[in-house]
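Right, one structure below, let's go through it.
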Amino acid sequence: MENNKYPENYFEHYIFSFSGIGYMPNEAGFEKLAKLYIDIEGIDEFLNLIKEIQIIKTNNDWLYFKSIAEGFEIEGLDIVKLKEMAEVAINIFNTISESHGSSGN
């Protein structure tokens with residue numbers, strides 16, 4: 001069963017969070033989502049989301065998450081938009097990591 005791959009459901013929760021806030025499914029809306037998610041869930045949870053997104057990218061499981069978005073009856077979140085949502089989250093995370101001067105890698 002597919003959702004055994006993602007037992008924590010971070011990206012599913014992220015998609016669901018998007019459905020409730022009324023932002024447009026574009027870069028600006030996805031940036032607002034990322035910042036709101038960090039404010040509510042905290043940076044550690046956001047890091048877990050980013051890790052799960054990396055796995056989704058590796059597994060190319062976008063179709064699975066498209067069906068999740070459809071299940072939540074979210075308009076406009078096709079595979080292209082889901083990938084954009086994920087990339088914006090990664091970019092926001094990288095920006096935060098750099099601004100906090102994290103020494104690593």
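The values are calculated or read from the model by the stated rules, or taken from the named source; none is laboratory data. Predicted model only: the values in this text are computed from it and were never measured. Positions of Cβ are generated from backbone atoms using ideal geometry, with glycine treated the same way; all protein chains shown enter the neighbour counts. We work out accessible area using only protein heavy atoms, side chains counted, and drop any ligands, DNA or RNA first. Shrake-Rupley method; radii C 1.70, N 1.55, O 1.52, S 1.80 Å.
In this structure, does residue 71 turn out to be closer than 20 Å to residue 6 by Cα, surrounded by fewer than 14 Cβ atoms within 10 Å (Cβ to Cβ) and modelled with pLDDT under 95? Yes.
Going through the stretch 1-34 one residue at a time, which ones are part of a helix (DSSP H, G or I) and either loosely packed, with under 13 Cβ neighbours inside 10 Å or among the β-branched types (Val, Ile, Thr) (or both)? Across the stretch 1-34, the qualifying residues are 2, 3, 4, 15, 28.
Quick one: would you say residue 55 is of a type in the set (A, V, I, L, M, F, W, C), open to solvent by 70 Å² or more (accessible area, probe 1.4 Å) and part of a helix (DSSP H, G or I)? I'd like the intermediate steps shown before the answer.
Values: of a type in the set (A, V, I, L, M, F, W, C): yes; open to solvent by 70 Å² or more (accessible area, probe 1.4 Å): yes; part of a helix (DSSP H, G or I): yes.
Yes; evaluated as a whole, the condition is true for this residue.
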